[in-house]
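The values are calculated or read from the model by the stated rules, or taken from the named source; none is laboratory data. The structure displayed is predicted, hence computed values, not measured ones. Neighbour counts run over all protein chains shown; Cβ positions are idealised from the backbone, glycine included.
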Amino acid sequence: FTCVPDTPQRIVTLHSMNLAYPIMELGITPVGSANWYKEDGSIQWFLPEDYDTTEIAPLGFFRDVDVEEVAALNPDLIVGYLGNDDGFDRFAEIAPAVNLDVFDRPIKEVLFDIADLVNRTDEAQRLEATFNAQASEIRANASDDIARTTVSFIQHVNRDDQFFPVTMSFGLPVIIEE
């Protein structure tokens, strides 16, 4: 059992795309986040370009987060993901730490889990209503085309030319499913 503050103010995320992004969608800027890095050593945030990341301290590659850098940020909540369980107890010594399943579930479920965690369910409901309205409009305008279309998705990561299948933890399949 982890005691999480009612309204955490200094959140550290251990993955940028699957944790920092939904937290930022809820109106909170994390104080630090693990990231991907490009071959030249620069950060690859995997966030929309209009997201301001200047106030987010980079904490290293998401599979090798620097615990001391996390501690120096004095977080009141650390949010990780299932799959980085090895050594996760080190983060729980710094602040309340919660691991979420962000990869094998629909992104909307993850968003609501995060919203519950940071006390922003009203904002998650607003985001969901906006999404549903936009999806309905797209569906209405393209219903004939959608019925005849088959789509496959992969994600290309500029790091070592890796490709990943796009799962339900990504937003695009949710749009297509809706």
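Summary of computed values
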quantity	calculated
Count - residues of the stretch 44-66 that are surrounded by 13 or more Cβ atoms within 10 Å (Cβ to Cβ) and modelled with pLDDT of 90 or more	2
Some residue of the stretch 121-144 being modelled with pLDDT of 80 or more, closer than 30 Å to residue 69 by Cβ and touching a strand residue (DSSP E or B) at 6+ places or on another chain (Cβ under 9 Å)	no
